[in-house]
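Accompanying notes for the structure given below.
The values are calculated or read from the model by the stated rules, or taken from the named source; none is laboratory data. Computed from a predicted structure; not experimentally measured. Glycine gets a Cβ as well: all are built from the backbone with ideal geometry, and neighbour counts include every protein chain shown.
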Amino acid sequence: MVEVVKSVFEKMLECRNWELCLLRVSVDRGSTHYSACHISLDPPGKLCEFANELVKHYCQGRRPRLDKYSSCVDYDGSSSSDTIYRLTTESELISQSYLSLISALGNPIHEAKPVDFDASAYVLVGTIQDEEGSPKSVKIFSMQAPLTKLKHRFFHDSNTFKEIDNKVLYLREAIDVLIFDTVIYFFDMRGENLFSMDRAYRTTCNRIVEDIRGMDICSDIDLFTSVATSGVNPRRFVSFDRNRLTALSNPETRPEKASMFDLEVGPDGKIDTGNKVNAEKLVKVLCKKGMYDPFDEVPVEVPASRKW
């Protein structure tokens, strides 16, 4: 699937209608808010030149940056540095935030002075053609404050080096997020900041834990809830497997499935979650971070589980 991403980059080299926006991302009362400010570069053509140079870093040259990625998979909460994570714009993790983002980019603030705009990122917006020749929107995000004050930097003027005391625009030559049509690609975990995904997967985690509470399958549901909703565990629920929960909720299959992962079932038929170790094991099993090794016949922990 990395080849699909490469083909998008190659088509971006043909784009001649790039626009540049500063983007502000903020979270208030559980919602993600965006503001965009459209800016231009001088001399004319400089933006297109920069965009092409940025894209070439990823798909051309002796060491294209895309070569560091070995796979492109659906977002599952893991964070492998050699993996591109993919989401659709309709994913429940980001759908509301995505709509707000697109609305902000389509209605940039015109009265704001760019130099006073508290930007969290910059965005390049353009249009390219898909495999069928239809025009599709493409957006490149670099998640780092692009406006900065330089310390101990001077420019040459009339044989004197004068201090640069104004804010400057620094366009980092790195891509954190790519949105092509209705698909979102994360090149690193900075992409999570664009959509405030910490809030999203905690909401998902809490909803699933409430479902588990209602099934009455844990010996100590309060301890399980505490463990499941703290630390790194809420992120793990991005890859929650409903089929595993169904198997463990069935009194007939529960003892067999639980024993495969060294989970104990008490005389009352409930899974022992009376200590943090057992509660953590159950979280990993439900979220496909615990797998069964058929060769050594033992349960093992894995960073992620994906079908071949």
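Filter region 33-53 for residues that are assigned to a strand (DSSP E or B) and either among the small types (Gly, Ala, Ser) or under 22 Å from residue 14 (Cβ atoms) (or both) and give the result.
35, 36
Pick from region 211-236 the residues that are under 12 Å from residue 280 (Cα atoms), of a type in the set (A, V, I, L, M, F, W, C) and out of contact with any strand residue (DSSP E or B) (no Cβ under 8 Å at 6 or more places or on another chain): which of them is surrounded by the fewest Cβ atoms within 10 Å (Cβ to Cβ)?
232
Please go through region 54-80 and pick out each residue that is closer than 21 Å to residue 290 by Cβ and of a type in the set (Asp, Glu).
Scanning region 54-80 gives 74, 76.
Just give me the residues in region 191-207 being in a helix (DSSP H, G or I) and either in contact (Cβ under 8 Å) with a residue 60 or more places away in the chain or of a type in the set (S, T, N, Q) (or both), in sequence order.
Matches in region 191-207: 191, 193, 194, 197, 199, 200, 201, 203, 204, 206.
A quick yes/no check of all residues on (1) at pLDDT below 95; (2) more than 17 Å from the chain's Cα centre (by Cα); (3) not assigned by TED's automatic domain parsing to the domain that holds residue 205:
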| position | (1), (2), (3) |
| --- | --- |
| 73 | yes, no, yes |
| 85 | no, no, yes |
| 106 | yes, yes, yes |
| 131 | yes, yes, yes |
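Scan 289, 284, 276 and give me the residue that is basic (Lys, Arg) and in contact with a Leu (Cβ under 9 Å, 6 or more places away or on another chain).
Matching residue, one of 289, 284, 276: 276.
Does residue 120 qualify as being at pLDDT below 90, out of contact with any Pro (no Cβ under 8 Å at 6 or more places or on another chain) and within 23 Å of residue 201 (Cα to Cα)?
no
Mind listing whichever residues of region 223-268 are assigned to a helix (DSSP H, G or I), among the polar types (S, T, N, Q) and under 27 Å from the mean Cα position of the chain (by Cα)?
Within region 223-268, 225, 226, 233, 239, 243 meet the criteria.
Does residue 215 satisfy being of a type in the set (A, V, I, L, M), in contact with a Ser or Thr (Cβ under 7 Å, 6 or more places away or on another chain), modelled with pLDDT of 90 or more and not assigned by TED's automatic domain parsing to the domain that holds residue 83?
In short, yes.
When both residues are 6+ apart or on different chains and their Cβ atoms are under 9 Å apart, which pairs have a first residue that lies in region 142-154 and is more than 17 Å from residue 114 (Cβ to Cβ), and a second that is among the small types (Gly, Ala, Ser)?
Listed by first residue and then by second, the contacts come to 143/120; 143/121; 143/174; 143/191.
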